[in-house]
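Undergrad: Take this structure, written in structure tokens, and hold onto it; I'll ask about it next.
No value in this document is a laboratory result; all are computed from the given coordinates. None of these values were measured; they are calculated from a predicted model. Ideal geometry is used to build each Cβ from the backbone, glycine not excepted, and the neighbour counts take in all protein chains shown.
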Amino acid sequence: MLAAVRPVPQRFSSARGAPSWRRAAAVVAGVLIVVAVAGWRLLAADQAPRSAEAPPLGRVEIMRPADGLGSAVAGFGDVWMDDRPGEQLIRVRTPDGRVLARIPVRGRLILAAGAGGVWALQSAHGFGPYLRGPLLHVDPDGARVRARIALRMPSGERMLGRGVVAGGGSVWVWGPRDILRVNPRTDAVVQRIAVADSHGDVAGVVPRGRRLVVATADGTLLHLDRATGAPLGAVQTALRSPAVRAVIGSRLIVASDGELAAVEVATGRVAWRRPLGFLVGGAVLDQGVLWVHSAAFNEPGDRLTGLDPATGRVVMRSILPAFGTTSIVAVDGRLVIPSADGRALVVAPLRL
């Protein structure tokens with residue numbers, strides 16, 4: 001059950017200057033995704049019981065900064081979002097939804113913030129899970145692209161990217177078998193780490209001090225020397241292809257096969273696991289609660305679940321007034337949850 005939903009008037013037009021056919025195609029694709037998910041749930045109506053009525057959320061507002069939204073990241077006081085139909089990286093102020101900057105891009109984006117900038121890995125109109133690049137280094141002060149960094153190894157060989165993370169004074173881009181380190185001061189690729197294919201594709205990379213922790217498709221956590229890439233050890237988890245959603249102390253918060261789980265980095269032990277539906281999205285820690293958006297069968301919208309990060313106990317669960325949610329970030333005590341139809345829900349959770 002939700003509290004009253006108050007729409008926020010849109011103050012700026014979206015996708016200015018974007019080719020109309022690209023905008024229309026992206027909108028149609030977003031609608032098809034939402035319809036497909038809804039249809040999937042209806043077909044499975046006799047396979048899953050309805051969830052119990054959940055505690056209400058606090059205030060929920062709706063921003064409409066674009067016609068369709070992809071990934072998002074919080075950084076430098078605002079939320080940076082992938083405006084997919086408009087092919088723009090937009091900087092959005094909360095909670096009023098004012099668009100403060102629009103930066104042209106090519107294709108969909110994977111975003112990270114840190115190391116002095118916002119980092120946007122773009123697909124360049126490629127298809128599939130891997131992105132061609134380049135990696136854009138966006139200066140948050142001037143809201144401009146400072147550098148376009150090709151995904152090339154020091155040898156000159158090209159790489160397809162799957163993710164980007166900023167941490168420890170560096171920016172890391174990973175693909176199925178390789179990890180590139182970018183120096184954020186020079187915007188140059190300064191290191192390539194090859195990952196053995198015996199564990200399957202790389203599913204996530206976490207910089208931790210002098211180490212890199214690399215999650216792989218078979219559930220292994222590889223520990224690598226950050227400076228040299230040399231293997232320092234490996235631990236096996238009981239999870240398949242764990243996608244890293246957050247890092248809390250000595251644990252990784254990962255999504256795997258419809259579950260969210262906490263895994264000890266040093267041992268691979270699963271401290272807790274929580275089924276959340278057929279698809280688990282992003283997660284963010286805010287004011288002591290781990291928030292995650294997910295999708296489950298036979299429900300009228302995507303789920304928002306609040307968990308105790310120590311135990312995985314559910315402290316709040318509610319249904320969002322949207323399908324196709326794409327990300328979740330926390331800004332100033334509010335959760336911002338973009339969706340494929342261009343709405344971004346701004347949620348102020350009740351503190352139970």
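Undergrad: Highest mean first, what order results for 102-109, 173-180 on Cβ atoms within 10 Å?
TA: Peptide ranking by packing, descending: 173-180, 102-109.
Undergrad: Per residue of the range 127-140, in order, report the coupling 6.51 cos²θ - 1.76 cosθ + 1.60 (Karplus, θ = phi - 60°) as ³J(HN,Hα) in whole Hz, putting x for Gly and Pro.
TA: Ordered by residue, 3J(HN,Hα) equals 10, x, x, 9, 10, 7, x, x, 8, 8, 9, 9, 7, x Hz.
Undergrad: Between R269 and residues 5 or more places away or on another chain, which pairs have amide H atoms under 5 Å apart, with H built 1.01 Å from N, and which residues are they?
TA: Residues meeting the criterion, in which the H sits 1.01 Å from N, are E264.
Undergrad: When the chain is fully extended, how far beyond the present Cα-Cα distance does D141 get from A101, taking 0.36 nm per residue of separation?
TA: That works out to 13.3 nm of additional length.
Undergrad: Go through the range 163-173 residue by residue and turn each phi into a ³J(HN,Hα) via Karplus (6.51, -1.76, 1.60, θ = phi - 60°); whole Hz please, and just put x for glycine and proline.
TA: x, 9, 9, 10, x, x, x, 9, 10, 10, 10
Undergrad: Tabulate in residue order the Karplus-calculated ³J(HN,Hα) for the range 115-126, using 6.51 cos²θ - 1.76 cosθ + 1.60 with θ = phi - 60°, rounded to whole Hz; enter x for Gly and Pro.
TA: For the range 115-126, the Karplus curve yields 6, x, x, 9, 10, 10, 8, 9, 7, 6, 6, x Hz.
Undergrad: Which net charge results for the neighbourhood of V235, defined as the other residues with beta-carbon distances under 11 angstrom from its beta-carbon, given Lys and Arg at +1 and Asp and Glu at -1?
TA: Net charge in that neighbourhood comes out at 0.
Undergrad: When only C-alpha pairs under 8 Å and at least 6 residues apart count, what is the relative contact order of the range 51-130, in percent? Walk me through the intermediate numbers first.
TA: Values: 134 pairs, mean separation 16.7, N = 80.
It comes to 21 percent, rounded to a whole number.
Undergrad: Further, regarding this structure: In which sequence would W172, W272, W80 go, from the one with the fewest C-beta neighbours within 10 Å to the one with the most?
TA: W272, W172, W80
Undergrad: Give me the net charge of V73's neighbourhood, meaning all other residues with Cβ under 12 Å from the Cβ of V73; Lys, Arg count +1, Asp, Glu -1. Intermediate values should be presented prior to the final figure.
TA: Details: positive: R91; negative: D78, D82.
Overall, the nearby charge balance is -1.
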